[in-house]
Amino acid sequence: VTENMRSLTNFFLYKCLFALTFWNHVSLSVENELFTSVSNDFPEDGSDKKIRNLPLLYTNSHQSKASFDWVVVQNTTESLSLSEITNYNVKNLVTLLSNFRQGSRLQNLTLTNMSVDWNAFIEVFQTVWHSSIEYLTVNSVTQLSDIESYNFDYSGTSMKALTVKKVVITDLYFSQDNLYKIFADMNIAALTIAESEMIHMLCPSSDSPFRYLNFLKNDLTDLLFQKCDKLIKLETLILQKNKFESLPKVSFMTSRMKSLKYLDISSNLLRHDAADVQCQWAESLAELDLSSNQLTDAVFECLPVNVKKLSLQNNQITSVPTGMAELKSLTELNLALNRLADLPGCGGFTSLEFLNVEMNLVLTPSAGFFQSCPRVRELQAGHNPFKCSCELQDFVRLEKQSGGKLFDWPAAYMCEYPEDLRGMHLKDFHLSELACNTMLLLVTALLLTLVLVAVVAFLCIYLDVPWYVRMTWQWTQTKRRAWHNNPEEQETVLQFHAFISYSERDSLWVKNELIPNLEKGEGCVQLCQHERNFIPGKSIVENIIMCIEKSYKSIFVLSPNFVQSEWCHYELYFAHHKLFSENSNSLILILLEPIPPCIIPARYHKLKALMAKRTYLEWPKERSKRALFWANLRAAISINLPMADGRRCEATD
């Protein structure tokens, strides 16, 4: 019963209150203007329903159709929103607000699209200041007339916060103090003046109760609050999107704000290049937003020592200097959208827990980051142009060991270089242990090199490579000397049908069988034999080379004795060299005695190759077959040679 009686009492009180308001308003309005209720949202008798919304409409009966000079958008027991306020209806607004004396339930008032003179504007503020309203918001204000000095009465107010947005002043010539003093000396906790092209604000005349100041998107400069010691209770200061340029001046501005905890001065033109300029911040400042400015690495020389949260996002920072002053209290650091090439260490941030380095120029982040920053609980390093290499693989491996400390892994971590891996998630990038382990790679390369050297050394010894190198060098030197001694003789003139190479142990067969049968047979055959044709005074090698070059063919008498002779090896090598250099078919092999393969030295691999690929003449043991042997041999060396008297010498069958 008591609750029902209380509801009925409230109902009648509300009804009487609004009836009184309406009739008072009608009595003060101009002729033929009235307020009418467009909704009778009253509860039925006996109901406990509360009155929360009473839409009201202001109409002008002189017009054929209803027009809105100002509209009551919302009217509740605690909040009221009004719009389209002009010089024609501002008196009605003042009268309406005068009904909400201190003790009324109305606490929130919003005024939108307000276009009035200075005196009317101040009268509205003064009326609100002595009402029950605690929070006033004014959107889109146009000030029409001259701004004059006004002795504002701040006493006995319920106001806590004022928000003014989008102010346009048509009067270009006025004393700024008359305007700014009204706001600077307000005895409220929170003041917001945003998007109003404000160029300055005065320091309060006395110790100010301001705890929150928001001057978003104005034209304030470094002159703001310089040497101002009246903002002793200010905790939050927002200066985003203004025209501040000097970071040291900003620091000095805060130095006298003994209670300042949060400063947002992002999206300005801040620079700090002078290393010799000292900065002095409020010791109480714990959170600082310097994002979207023009700061470089030097900014770390001008930071509050007690800051806990610091945002340097979207600046021009390339690295964090190692010799910077320690920020022992810093727990959160935002360095996104800068020019960092690597993750910063934590030498100056011993308490760092959260680090953001997204969208920088980090190619291969240091794998030792978490070791140098043991307290970091979350690292945001995504959206960097990662170079997928062995160093990066170490970082990926570290991520698995960190226990999920990388924020947005793996979606935000992709390869940018090399181009063929672009778009691949780092978690899918893998290289072999051999490719990335430098020590293992060096050991493997060293072992392979040793094996290769051993194989080459073995082959050199087995195939007598030094001997062949020496012979090639001697051949080259001999040819060079011969060309210098007689440069006009570019082409060698053949003088012999054949040069005979044999072992001294087979000389009897050569002298008794080979030479007589070739030279004393039919035709004219001239053979070159070292005993009669080598020129005294020249080296043996030079004589061998000269004889081979002046002979149409080279006859090699093969036997077990031949493979044991060093000079026979020389002669075979030079003849073989002529075979390939002149692309001629100048070798004739005579197998005097069978040669067991086991007795042929390794360096005679050319002899093995010649015997395997070329046809050779075998000395027949039966006398009946020797005539054919000599005929074939004479045919092989048959060529016309010039004689000393000018005649031609030709070997014939």
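The single condition among (1) in a loop (DSSP other than H, G, I, E, B); (2) closer than 30 Å to Cys228 by Cβ that Arg105 does not meet is (2). If you check Glu287, Glu326 for being touching a strand residue (DSSP E or B) at 6+ places or on another chain (Cβ under 7 Å), acidic (Asp, Glu) and at negative phi, only one passes: Glu287. Residues in segment 405-436 that are in a loop (DSSP other than H, G, I, E, B), aliphatic (A, V, I, L, M) and modelled with pLDDT under 85: Leu431 alone.
Counting residues in segment 186-198 that are in contact with a Pro (Cβ under 7 Å, 6 or more places away or on another chain), among the polar types (S, T, N, Q) and outside any helix (DSSP H, G or I) gives one or more. Filtered by the rule that a residue be among the aliphatic types (A, V, I, L, M) and not in a loop (DSSP other than H, G, I, E, B), segment 346-404 gives Leu355, Leu379, Leu392, Val396, Leu398. Evaluated against (1) open to solvent by less than 20 Å² (accessible area, probe 1.4 Å); (2) at pLDDT below 95, Asn113 falls short on exactly one condition, (1).
From the set of residues in segment 289-334 that are assigned to a loop (DSSP other than H, G, I, E, B) and of a type in the set (D, E, K, R), which is most open to solvent (accessible area, probe 1.4 Å)? Residue satisfying both the conditions and the ranking: Lys328. Looking across segment 524-540, the residues that are open to solvent by less than 60 Å² (accessible area, probe 1.4 Å) and under 21 Å from Asn561 (Cβ atoms) come down to Leu527, Cys528, Gln529, His530, Phe534. Of everything in segment 199-214, what is over 17 Å from Lys160 (Cα atoms) and within 45 Å of the chain's Cα centre (by Cα)? Give them in sequence order. Those that are over 17 Å from Lys160 (Cα atoms) and within 45 Å of the chain's Cα centre (by Cα): Ile199, His200, Met201.
Filtered by the rule that a residue be open to solvent by 40 Å² or more (accessible area, probe 1.4 Å) and out of contact with any helix residue (DSSP H, G or I) (no Cβ under 8 Å at 6 or more places or on another chain), segment 506-523 gives Leu508, Lys511, Asn512, Glu513, Glu519, Lys520, Glu522. Taken as a whole, the structure places Asp219 among residues that are assigned to a loop (DSSP other than H, G, I, E, B) and surrounded by fewer than 19 Cβ atoms within 10 Å (Cβ to Cβ).
The values are calculated or read from the model by the stated rules, or taken from the named source; none is laboratory data. The shown structure was predicted, so the numbers you read here are calculated from the model rather than taken from an experiment. Every residue, glycine among them, receives a Cβ derived from its backbone with ideal geometry; neighbour counts consider all protein chains shown. We work out accessible area using only protein heavy atoms, side chains counted, and drop any ligands, DNA or RNA first. Shrake-Rupley method; radii C 1.70, N 1.55, O 1.52, S 1.80 Å.
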